[in-house]
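The values are calculated or read from the model by the stated rules, or taken from the named source; none is laboratory data. What you are looking at is a predicted structure, and each value in this text was computed from that prediction instead of being measured. Backbone-built Cβ (ideal geometry, glycine too); neighbour counts: all protein chains shown. Side chains are part of the model used for accessible areas, which takes the heavy atoms of the whole protein and leaves out ligands, DNA and RNA. Shrake-Rupley method; radii C 1.70, N 1.55, O 1.52, S 1.80 Å.
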Amino acid sequence: MNKSIYFSSFLIILHVFSLFGETVSVSDSSTSLKETFDLYVNSVQNSDLAKLFSTVSDSERFYFLTSHGELIDSRQEYHTFHENWFKEADWDMPVELVKIHQDGDFGYTIAIFYYSSKLPDGQTYHLDSYFTLLYHRENGKWKVIADICTPIKRYFSGRNPDIQYDFRQHYLFDILENRRTVRNFKSIPVPREHIMKILEAAHSAPTAGNQQPWKFLVIEDREKLNRLKEEALSWYLDSPSNHKIQDRRGPEPSKNAIEAILENLLSAPVYIAVLVDSGAKYPDYIIYDGTLAAGYLMIAARALGYGTGFYTTFFPEDRMKKFFNIPDQYKLICFTPIGVPVEWPEKTAKKTLEEVIMFDSF
Ligand SMILES: Cc1cc2nc3c(=O)[nH]c(=O)nc-3n(C[C@H](O)[C@H](O)[C@H](O)COP(=O)(O)O)c2cc1C
């Protein structure tokens, strides 16, 4: 639980009561306070903005600490918050009252809401949170003067509603789901810290017999990348095998079209040539080792907001090794850009899970 949220909640309670020059102590519950609470909750559950605000203080001074730790400190903003929220569909929020207190013209309720909303991907997002409402009697009526959310738990559920995924688990699946091969980048630099963090992830990939046959060649030199662009164009045009592929695919793209593709492919600020050592103990496995490391690298980069790719075409191993002075014993697994995409591509069409999964027997 976030300590700063507890602390802020405490400060707000103190502050609100100090504004009215009175300290509230525990006392018996009051029906009218309970009725106000029920009206407040029903109005939220029915997205009834007018009814909800009939329970809220008329004063502009209002304190709302959201479940995300954001402090909203005016009635108008509290209104806007609910107005926006109530436009949303497909959510539900049962409420459980935990405590109700009143002392003179002040009171508070402590309750738990169990919010859930359907996400576009079919999953359900859940937030269980305390919410404490502070009340003041205005012209004989109880009015809410502050609303403090203290989150208990956030989680997600999918096909089986009984199985919960916590925020960190959900986040990882989200990253995997949203990785894309990117082929056009902005020139925004990638800090060295991020490059190292991404390579740390690649370095944590499994390898056969823990042989760790990798080398990661990092290329940030723009001039070198520009030269590579020219070279890659001539490599492509020189290679008869490329023309054969094109014959099968349809009309051969013009030199200008290939140049434009390479311009985009080489627009990232950083590239990693993922290499593996063929002199490693288990050379038959080095391709798996290198490919897994590249996979980890791409996922880590996505977590930091970067696009990547597993580039092979246009960057033939023999030519690349000469260009970058890579010793003979190393094999090039892929040439991977890291950068901020010009735009995130749509998800590529994938086979359905049913097509590719079998249980127990093929
Ligand atoms: C072994 C392998 C080789 C690939 N070679 C290239 C390539 O040369 N150029 C390229 O743009 N993408 C290349 N890709 C990326 C695939 O085209 C891409 O993963 C696929 O279209 C699915 O798209 P996604 O990565 O966005 O899910 C390669 C991927 C793999 C695994």
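Here are some notes:
- Scanning the range 270-281 for residues that are among the β-branched types (Val, Ile, Thr) and part of a helix (DSSP H, G or I) turns up nothing.
- Contact annotation: residue pairs with Cβ atoms under 9 Å, 6 or more positions apart or on different chains, pairing a residue in the range 302-316 that is in contact (Cβ under 8 Å) with a residue 12 or more places away in the chain with a partner that is among the basic types (Lys, Arg) and open to solvent by less than 50 Å² (accessible area, probe 1.4 Å), are Arg302/Arg180; Gly307/Arg180; Thr308/Arg180; Thr308/Arg302; Gly309/Arg180.
- Being touching a residue at least 12 places away in the same chain (Cβ under 8 Å), closer than 22 Å to Glu177 by Cα and within 14 Å of the ligand (Cβ to nearest atom) is true of Ala293.
- Pick from the range 315-345, criterion of a type in the set (Phe, Trp, Tyr) and within 14 Å of the ligand (Cβ to nearest atom), ranking: most open to solvent (accessible area, probe 1.4 Å): Trp344
- Counting only helices (runs of 4 or more DSSP H) that fall entirely inside the range 163-265 and contain at least 3 residues that are out of contact with any helix residue (DSSP H, G or I) (no Cβ under 6 Å at 6 or more places or on another chain) and either at pLDDT 95 or above or acidic (Asp, Glu) (or both), the qualifying elements are 167-178, 192-203, 222-238, 255-265.
- Of all residue pairs spaced 6 or more apart or on separate chains, those with beta-carbon atoms under 6 Å, a first member in the range 105-126 that is within 25 Å of Lys87 (Cβ to Cβ) and a second member that is open to solvent by less than 40 Å² (accessible area, probe 1.4 Å) and in a loop (DSSP other than H, G, I, E, B) are Phe113/Met93; Tyr115/Met93; Gln123/Gly158.
- From Gly305, Gly295, residue being at pLDDT 95 or above, in the same structural domain as Ser187 (by TED's automatic domain parsing), outside any loop (DSSP other than H, G, I, E, B) and small (Gly, Ala, Ser): Gly295
- The residues of the range 180-224 that are over 17 Å from Ile333 (Cβ atoms) and within 16 Å of the ligand (Cβ to nearest atom), listed by number, are Arg180, Val182, Arg183, Asn184, Phe185.
- Cβ separations smaller than 8 Å between residues 6+ apart or across chains give the following pairs from the range 187-215 residues that are on the phi > 0 side of the Ramachandran plot and assigned by TED's automatic domain parsing to the domain that holds Leu266 to residues that are aromatic (Phe, Trp, Tyr) and not in a helix (DSSP H, G or I): Gly209/Tyr282.
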